[in-house]
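K.L.:
Take this structure, written in structure tokens, and hold onto it; I'll ask about it next.
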Amino acid sequence: MLRGVGATLGLPWLEAMMPTRLAAASAPPVRLAALYMPNGVREDQWTPAGEGGDFTLSSTLEPLAGLKDSILIPTNLWNEVVKDGSVHLPRCAGFLTCTRVTKTQGVDISCNGISMDQVAARISGKATPLASLELGVAPDSTGVDSNNGYTRLYGSHIAWSAPTVPLAREIDPRLVFERLFRAGRPQADSAKVDMLLLDRVMEDARKLQKRLGAADRERVDEYLSVVRSLEERLERTTRPQPGGAWKPRVPLDPKLAPPETTPQFPEHVRLMLDMIALAFQTDTTRVCTFMFNNEVSNQNFAFVEGVSGGHHSISHHQHREEQLKQYQLINRWHVAQFAYLLGKLRDIKEGESTLLDNSMVLFGSGLRDGNVHSPVNLPIVLGGRGGGRIAGGQHIVYPPNSPLSNLYVAMLDAFGAPVDRFADSTGPARGVLAS
């Protein structure tokens, strides 16, 4: 309390008021995001010069100059299991799973694993209203790629909660905000109503299951597992939990809601990145994925000075200099958006640290060069320090064809979800974890 001139004013809760043990116990949580850029990069303008802490950013990575101490750039990582064939879609679907997808026209889709983000979400999701948040800007691609016989669905998802369950993405920024707002400020009886609706869904699903064949029963089982996870989250809002009920780290201001009208592509991307920052700041979720667009997207990038065509078409440059210049400008634009998110997280304080200090933000593509679709030496950047566990500010050059999955093993360790092995990993990637 502040007292003076006969008046009394209540102070907000301050960290200084916390007992030392409680302050230590309430250290900011670690967050994890993965940002996917389709169609690869102009490879001769990507890799930094120099190694370790003494490196110079390439022209494509220049937008990260002000964040150099908070990024880690690994060179020579690849996704070996998708090396066969010159195909976009499996490289996208396997980006976070490091597994070979089943070739199908859509009936029996499977990535044959779960994605790294969902390994993390199984741990952190027990403490937040939303286990994870999956975002994009375009609806799922439909149909079959006639060039290779893969369903285009594989190019629309990087997050998989089970081998045959790609997680649906939200593409409307306003709906994302409303979802965060509702999770952070549930109405008195809303959770009970939601539980009643879920009970009815479960009942209907069980009745339906009795009339289905074996394959469809398996799909319904997977659906029910998702429903059960929703049920568990709702229970946390209606029943006392060990350590007390979840509370947002900061209140969510309704005035921050995005516009109702569908924004143009550049603004759409920025709004989605804002939603990631907001979700992490409020601790509504600690795991998020975002796709700048679906794989093979031919989004028109004429809004970038010097570009006059579609992304996918330009990525098939056939070594023509005019195409290569435009390809690099598109890559640089994506890196600038990544830098925007990192800068936003850096500007949000969490005690003596920042939200960026307590986050890991993966940025990359499932292809090296869009012209040949190579999964060798993938363009990857890791931003943030993972609560002090990530040794940022360096360019690490690994032996050629080192597993991408090794990076994920290190990230999961830093997140607090350690694994002995992930997909084809051989151990945590050297130099990523702070000693």
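Just so you know, all these numbers are worked out from the coordinates, no wet-lab data involved. This is a predicted model, so every value here is computed, not measured. Note that we place each Cβ from the backbone using ideal geometry, even for glycine, and neighbour counts take in every protein chain shown.
K.L.:
Near the amide H of residue 133, under 5 Å away, which other amide H atoms are found, from residues 5 or more places off or on another chain, if H is placed in the peptide plane?
P.N.:
287, 288, 289
K.L.:
Determine the shape class of region 332-415: with a ≥ b ≥ c the square roots of the Cα gyration tensor eigenvalues, call it rounded for a/c under 1.5, and otherwise prolate if a/b is greater than b/c, oblate otherwise.
P.N.:
Working: a/c = 2.88, a/b = 1.54, b/c = 1.87.
Note, shape of region 332-415 comes out oblate.
K.L.:
Going through the cross-link list 126/349; 68/247; 255/344; 83/325; 103/210; 68/344, which pairs have a Cα-Cα distance over 22 Å in this structure? Walk me through the numbers before you get to the answer.
P.N.:
Details: 126/349 24 Å; 68/247 34 Å; 255/344 18 Å; 83/325 27 Å; 103/210 29 Å; 68/344 15 Å.
Pairs exceeding 22 Å: 126/349; 68/247; 83/325; 103/210.
K.L.:
Right, here's the next one. Distance from the Cα centre of region 127-141 to that of region 89-116, in angstrom?
P.N.:
A separation of 18 Å, based on Cα centres.
K.L.:
Let me ask something else about it. Could you list which residues have their amide H under 5 Å from that of residue 160, counting only those 5 or more apart in sequence or on another chain, with H placed in the peptide plane?
P.N.:
The answer is 115, 118, 167.
K.L.:
Calculate one ³J(HN,Hα) per residue across region 42-48 by plugging θ = phi - 60° into the Karplus curve 6.51 cos²θ - 1.76 cosθ + 1.60, and present them in order as whole Hz with x for glycine and proline.
P.N.:
Listing the rounded values in order: 6, 5, 6, 10, 9, 5, x Hz.
K.L.:
In addition: Could you tally the net charge around residue 339, taking each other residue with its Cβ under 11 Å from the Cβ of residue 339, Lys/Arg +1 and Asp/Glu -1?
P.N.:
Net charge in that neighbourhood comes out at +3.
K.L.:
With each pseudo-label sitting 7 Å past Cα toward Cβ, what's the residue 142-residue 257 distance in nm, one decimal?
P.N.:
3.0
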